[in-house]
Amino acid sequence: MSNFVINPYSFEEEAEPIAKDSQAYAVTSSNGDELTVDITVADNPNRILIVTAGSYNLSPTVDSITYGSQSLTQFNTQLQQSDGRCDLWYLNDPAVGTDTTITVTWSSTAGRKGVGAICFYNTDGLNASSSNTETSNTSATVEGNMTPTEDNSAIVDGMLWLTGTEPSLTLTAGFAVNISDPGGADRAIGMQYDLSPTKDALNEMEYTSAEAAGYAWCGAEIKNG
């Protein structure tokens, strides 16, 4: 006769923390309806690719964003008066690839525009239950607040800064890059992320500059998985 004991305790394996894989960006002051940038996506588990696209003027809108042959989904968008637009798009489970091209297509000609992308892994992706927010203002500080709703989430944003002269931007993690125009009117785009924000609390995402100007900002929560 054999004895056998059932363990009354069960343990769920804790998910690995969200981590950043890679990032890339491109800007141009030339007129056109398309902008591309290449990014490398490694073979990590539970990947997500998040792309921001910004352009001067409300119109045109972003028609589509692709990563290779895969199409991204728009998560949110924010407008700054009549002067600028910033979008966040995402792709859950992007294909593994080296120097794969991200293509942003606008509905018509756009000038002074930029695109940026960051790939994360160990995520549960973005979906309808992911928290998001958008804001616009005129200030020397781009400010946006995210309130994560789940444990071990990360937060990420996108920003378009509508300055008249070249801004000097600072941020914590991610990137900010100026879009210089030969006529002297400069812009900037940026993406920023926090891999350990405080749950159920306002987490500030900021870019600072010496010059007050209009901005459009979008943010999203990435859930752990």
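The values are calculated or read from the model by the stated rules, or taken from the named source; none is laboratory data. What you see is a predicted model, and the numbers here were worked out from it, not measured in a lab. In this analysis, Cβ positions are derived from the backbone assuming ideal geometry, glycine residues included, and neighbour counts consider all displayed protein chains. With ligands, DNA and RNA removed, areas are computed over all heavy atoms of the protein, side chains included. Shrake-Rupley method; radii C 1.70, N 1.55, O 1.52, S 1.80 Å.
Between Glu16 and Ser131, what length in nm is gained on full extension when 0.36 nm per residue of separation is reduced by their alpha carbon distance? Intermediate values should be presented prior to the final figure.
Details: separation 115, 0.36 × 115 = 41.40 nm, distance 2.09 nm.
Full-extension gain reported as 39.3 nm.
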Averaged per residue, what accessible area in Å² does the stretch 127-182 show with a 1.4 Å probe, protein chains only? 42
Cα centroid separation - the stretch 46-75 against the stretch 136-175, whole Å: 18
Taking the Cα centre of the stretch 70-225 as origin, sum charge times position over the Cβ atoms of Lys and Arg (+1) and Asp and Glu (-1), and report the length of that vector in debye to the nearest 20. 380
State whether the stretch 25-147 is rounded, prolate or oblate according to the following rule on the C-alpha gyration tensor (a ≥ b ≥ c being the square roots of its eigenvalues): a/c under 1.5 gives rounded; otherwise a/b larger than b/c gives prolate, and the remaining case gives oblate. oblate
Once both labels are modelled 7 Å past Cα along the beta-carbon direction, what's the Phe175-Ala140 spacing in nm? 2.8
Where in the chain lies the longest segment free of chymotrypsin sites (Phe, Trp or Tyr not before Pro) that are both loop residues by DSSP (not H, G, I, E, B) and have at most 16 other Cβ atoms within 10 Å? 12-225
Out of [x] 89, 37, 25; [y] 58, 52, 31; [z] 49, 46, 27, which label holds the value of Cα extents along the principal axes in Å that was computed here? [x]
Run the accessible area of the chain with a 1.4 Å probe and give the carbon-and-sulfur part as a rounded percent. 43
In nm², what is the average projected area of the convex hull enclosing the Cα atoms of the stretch 141-198? 4.0
Could you tell me which of rounded, prolate or oblate describes the stretch 81-145, using a ≥ b ≥ c as the square roots of the eigenvalues of the alpha-carbon gyration tensor, with rounded for a/c under 1.5 and, failing that, prolate when a/b is larger than b/c and oblate otherwise? oblate
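Probe of 1.4 angstrom, ligands and nucleic acids ignored: what's the accessible area per residue over the stretch 56-114, in square angstrom?
Working: 2460 Å² over 59 residues.
Roughly 42 Å² per residue, with all protein chains present.
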